[in-house]
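*Asks:* Input: one structure, supplied below.
The values are calculated or read from the model by the stated rules, or taken from the named source; none is laboratory data. Given the structure is predicted, the values throughout are model-derived calculations rather than measurements. Virtual Cβ from ideal backbone geometry, glycine too; neighbours counted across all protein chains shown. When the accessible area is computed, the model is the full protein with side chains, heavy atoms only, and any ligands, DNA or RNA have been set aside. Shrake-Rupley method; radii C 1.70, N 1.55, O 1.52, S 1.80 Å.
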Amino acid sequence: MNTSVPIEEKSDKLVVYQIFTRLFGNQNTTNKPWGSRDENGVGKFNDITVKALQELKKFGVSHVWYTGIIEHALMTDYAAFGIRKDNPQVVKGRAGSPYAIKDYYDVNPDLAVDVPNRMKEFEDLLKRSHTNDLKVLIDFIPNHVAREYHSDAKPAGVQDMGEGDDTSKPFDPRNNFYYLPGQSFQVPQGVVTPEEPVANYVEQPAKATGNDVFKAQPDLNDWYETIKLNYGVDYLNNRQTHFDPVPSTWVKMKDILLFWAAKGVDGFRCDMAEMVPVEFWGWAISQVKAAFPDVIFIAEIYNPQQYRNYIFTGKFDYLYDKVGLYDAVRRLMEGHGTTEDITRVWQQESGDYANHMLRFLENHDEQRVASRFFAGDPWTAVPAMTLSATLHTGPLMIYFGQELGVNPTQAEGFQGEDGRTTIFDYWGVPEFQAWTNGSVGKPAKFDGGKLTDDQKNLRKFYQQLNQLVNTSDAIRTGAFYDLQYANNDRGDGSGKSPGYDPHRLYSYLRHSVKQKLLIVCNFDKQKTAKTTIRIPAEAWETMKLDGAKTYSFSDIFRTKTKLKSAATSGVPIELPPLSVLVLEIK
């Protein structure tokens, strides 16, 4: 049984650090639910200093994903700077959703110290990041825009979204939006706004809502603050496609991608990519890469049946591995589920294109590991994060504060208390503020000066993990060999390792010409694993090692474990609860 995955010629082992930009540098500790910008404070581009970036580089990061850069709808009034005020009835939270784009050609004024100079401040952050050897990713939100979308920063000659649309037609491939002729938009029942709108929001005719809702009054749980963009798919007529001639929206969105790539942005995390036709992606990404060959594209995608399509037809470099590895390890971290799911993930979903799968345990959409809604303890992440980072050659991602055990415990505003760090409201993140070590009016030191010993140790684990994947040839470029079948007792004698729990232990090899590793993860929260890891003759052959020799096994990660064993005898291990071994074979 060959469980190897072919060696990749180049490494895709990026370490992406997602920064929620408006929260990163905020030192304000007021944290009033639904608080205004001035009450709760807001982080700025300028708060992400050279020192902050140097510390992230030392932490082992290769790419920084600045979330919430492009201008989006919000409740703070910037009319004095020539920016239209948004109607609170169609804004979620005081600070607004970073996924309700108001102007694709501008940046969020909240993030600027000097609002008229906001683009320059972003460009300076881009330069600082590059100077400190960090590549920059930003969000590209292609499926929907804010209900009051209006670009006041678009380059000369660029036609705005919806400009020239025939609003008398529900669908036309030349339109940017979908319309409900003869109907007026109605704000969903139950919408609560902390600010009274100057006037009721008016949209005539109503436009379809971002999550494919074709009715004049969406529900409270819909993406009611957004309008769906039209890529030439007629949703009300069996999703008939009209891609020739190329739809107007395709051209406008390609030009937006080129605009940001020309500024030096190194890649795009593409929001809800599967809600946009794969044909658009293949067309647009090819053109962007023709001009900027090194720009990367990451798809937020949740349908494993479409993975292959979005990689090979859509030309994406990387895809979210949410419905797959994240879901499998989350179940284990919560105390149910089985490691057998991990084998199924690589076999069925991402086995032959694992280098394209971006692995993570947290991001802005998911609940924090430390929260009561997830694992309740950040240390539960040790085996799950180690496995996510080392299973294959693909990239990994860490969400800011994950390495400090961020645990949101109160309702910040629109989102309520749900175990997530708010994306809709102004807020300070106490655990992260302890690492930045500053105060209002004083520059942050970014030295972890206010962290507890436990937080320091947790951050050290993540730093060691990053260093491991950055320096290990086997993890960066090597092949993968699943050892579960050789160790699980399936009742047919094919694999019997006494003490090997086939539901809580996961073992595998990563091997390149230069390095051979045996990795074992114990997901059990209570039990120490005492067993012998069998490495079958075929695996030794695959690694091009003599299966009759004796080898040394040395942990190169967290412990100083060293042992010797004959290849035919297996490797005796003792692994405490929620721990891992990364044993180099020599």
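*Asks:* Report, in whole Å, the centroid distance computed from the Cα atoms of region 29-43 and region 279-314.
*Replies:* Each part reduced to its Cα centre gives a spacing of 38 Å.
*Asks:* Taking the solvent-accessible surface of protein heavy atoms with a 1.4 Å probe, what is the per residue accessible area of the chain in Å²? Before the final figure, lay out the partial values.
*Replies:* Details: 21980 Å² over 586 residues.
Roughly 38 Å² per residue, with all protein chains present.
*Asks:* How about LYS516: which lysines have a C-alpha closer than 21 Å to its C-alpha, ignoring those fewer than 8 places off in the same chain?
*Replies:* Straight-distance partners of LYS516: LYS10, LYS13, LYS544, LYS549, LYS560, LYS562, LYS564, LYS586.
*Asks:* In debye, nearest 20, what is the charge dipole magnitude of the chain about its Cα centre with +1 on Lys and Arg Cβ and -1 on Asp and Glu Cβ, if you could check?
*Replies:* 2040
*Asks:* Within the chain, what percent of beta bridges assigned by DSSP are antiparallel, to the nearest 5?
*Replies:* Bridges in the chain are about 65 percent antiparallel.
*Asks:* Can you give me the % of accessible surface on the chain that is carbon or sulfur? Probe 1.4 Å, all protein chains present, nothing else counted.
*Replies:* Here carbon and sulfur together make up 48 percent of the probe-accessible area.
*Asks:* Two decimals is fine: what is log10 I(q)/I(0) at q = 0.06, 0.09, 0.11, 0.12 Å⁻¹ for the chain, from a Debye sum with one equal scatterer on every Cα and no solvent?
*Replies:* For the chain at q = 0.06, 0.09, 0.11, 0.12 Å⁻¹, log10 I(q)/I(0) is -0.33, -0.73, -1.04, -1.20.
*Asks:* Quote the charge dipole size of region 426-498 about the Cα centre in Debye, to the nearest 20; the model charges only the Cβ of Lys and Arg (+1) and of Asp and Glu (-1).
*Replies:* 360
*Asks:* Based on the Cβ-Cβ distance from ALA290 to ASP244, what FRET efficiency comes out when R0 is 22 Å, to the nearest 0.05?
*Replies:* That gives a FRET efficiency of 0.60.
*Asks:* For LYS456, go through the aspartates and glutamates and keep the ones whose alpha-carbon is under 12 Å away, minus same-chain ones fewer than eight residues off.
*Replies:* Qualifying aspartates and glutamates at Cα under 12 Å: GLU403, GLU431, ASP447.
*Asks:* Something else about it: Given the rule -39500 (n - 2.57) for each run of at least 4 DSSP H residues, summed and divided by the residues of the chain, what is its mean residue ellipticity at 222 nm, to the nearest 500 deg cm²/dmol?
*Replies:* Rounded to the nearest 500, the figure is -6000 deg cm²/dmol.
*Asks:* Report the one residue of PHE280, PRO155, ALA354 whose Cα lies farthest in the direction of the positive end of the charge dipole of the chain (charges on C-beta: Lys and Arg +1, Asp and Glu -1; origin at the Cα centre).
*Replies:* ALA354
*Asks:* Out of region 103-192, which trypsin sites (Lys or Arg not before Pro) are coil in DSSP terms and have no more than 16 other C-beta atoms within 10 Å?
*Replies:* In loop regions of region 103-192 (DSSP not H, G, I, E or B), the sparsely surrounded trypsin sites (Lys or Arg not before Pro) are ARG174.
*Asks:* Can you give the accessible area of ILE423, probe radius 1.4 Å, in Å² rounded to 10?
*Replies:* Approximately 10 Å² of ILE423 is accessible to the 1.4 Å probe.
*Asks:* Considering only the other residues whose Cβ falls under 9 Å of the Cβ of SER151, what net charge follows from Lys and Arg at +1 and Asp and Glu at -1? Show your work: numbers first, answer last.
*Replies:* Values: positive: LYS102, LYS154; negative: GLU71, ASP103, ASP106, ASP152, ASP160.
That sum, taken over residues with Cβ under 9 Å, equals -3.
*Asks:* Let me ask something else. Just to check I understand the Karplus step: with θ = phi - 60° and J = 6.51 cos²θ - 1.76 cosθ + 1.60, what whole-Hz values come out for region 345-356, glycine and proline as x?
*Replies:* Per-residue couplings from phi come out as 4, 6, 6, 9, 10, 9, x, 9, 9, 4, 5, 8 Hz.
*Asks:* What does the charge count around GLY337 come to, taking other residues whose C-beta lies under 14 Å from its C-beta (Lys +1, Arg +1, Asp -1, Glu -1)?
*Replies:* -1
*Asks:* Of the options GLY438, GLN515, ASN26, report the single residue whose Cα projects farthest towards the positive end of the charge dipole of the chain (beta-carbon charges: Lys, Arg +1; Asp, Glu -1).
*Replies:* Farthest towards the positive pole: GLN515.
*Asks:* What residues qualify as long-range amide H neighbours of VAL91, i.e. H under 5 Å apart, gap of 5 or more or another chain, H built at 1.01 Å from N?
*Replies:* Amide H to amide H, under 5 Å and 5 or more residues apart or across chains, VAL91 pairs with nothing.
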